[in-house]
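Just below is one structure, and these are the notes that go with it.
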Amino acid sequence: MNKYIIGVLILAGLLAVALFFAPDEKKVAQKQKIEVASVVIAEPVSYDFGSIDIFGGKVTTLYTLKNTGAEDVTILSGVTSCMCTEGQIDDLTFGMHESSGTTITIPAGGEKILKAIYDPLAHGPEGVGAIKRDIVLKTNSTETPQIKIVFSANVIKQTSQ
């Protein structure tokens, strides 16, 4: 019986030590939310794919995100305006449902590439016509807390010749 009590006490002690040294989620979240004054610009801000075939597969375009300030800027999350659109910056991938967890740091004076991916067939074989989609990034910058990037296209059905 004494061995059982000693075992429970040792286990409880180990658990207490593990909890004491575990990363505090609030501290991690606060670290990500530290605001900076650097500005991030996107080049280009908008892009036009022109006419694209609905059955031609996904199309992509790239945007350069430039940190023009003296402090690192953290991209906290990204979201797209439609399920047909995805965004990717390094390990951060997101769609219509806002990303969470992974953050991307753009170093002071540095750049990152945002890849925008559009699936013209996502709305079905009759989903033709003009489209406009948005990608919105949230940052820890007081100057550019949100970065909005836009692309457009005219989805058509290619006729056989």
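The values are calculated or read from the model by the stated rules, or taken from the named source; none is laboratory data. Source: prediction; values computed, not measured. So basically every Cβ, Gly included, is an ideal-geometry build from the backbone, and we count neighbours across all protein chains shown. In case anyone asks, the SASA skips ligands and DNA or RNA and just uses the protein heavy atoms, side chains included. Shrake-Rupley method; radii C 1.70, N 1.55, O 1.52, S 1.80 Å.
Sequentially through region 108-117, phi angles give Karplus couplings (6.51, -1.76, 1.60; θ = phi - 60°) of 3, x, x, 9, 9, 9, 9, 9, 9, 10 Hz, Gly and Pro residues having no value and appearing as x.
Go through VAL45, VAL79 and list them by solvent-accessible area, largest first, probe radius 1.4 Å.
VAL45, VAL79
For region 60-153, what is the relative contact order in percent, using Cα pairs closer than 8 Å and at least 6 residues apart in sequence? That works out to 34 percent.
Using the Kirkwood radius built from alpha carbon pairs, what does the Stokes-Einstein equation give as D for region 92-161 at 25 °C and 0.890 mPa s, in µm² per second? Walk me through the numbers before you get to the answer.
Numbers: Rh = 15.0 Å.
Stokes-Einstein gives a translational diffusion coefficient of 164 µm²/s.
Estimated translational diffusion coefficient (Stokes-Einstein, Kirkwood radius over Cα pairs, 4 °C, 1.567 mPa s) of region 62-111: 112 µm² per second. Sorted on the mean count of surrounding Cβ atoms within 10 Å across their residues, most packed first, peptides 84-91, 120-127 read 84-91, 120-127. FRET efficiency for the PHE55 to ASP91 pair, using the beta carbon distance and R₀ = 25 Å, is estimated at 0.20. Taking a straight line from the alpha carbon of LYS115, these aspartates and glutamates sit under 15 Å away, with near neighbours fewer than eight places off in the same chain left out: GLU43, ASP48, GLU86, ASP90, ASP91, ASP134. Rolled with a 1.4 Å probe across the full set of protein chains, the surface gives THR102 an accessible area near 60 Å².
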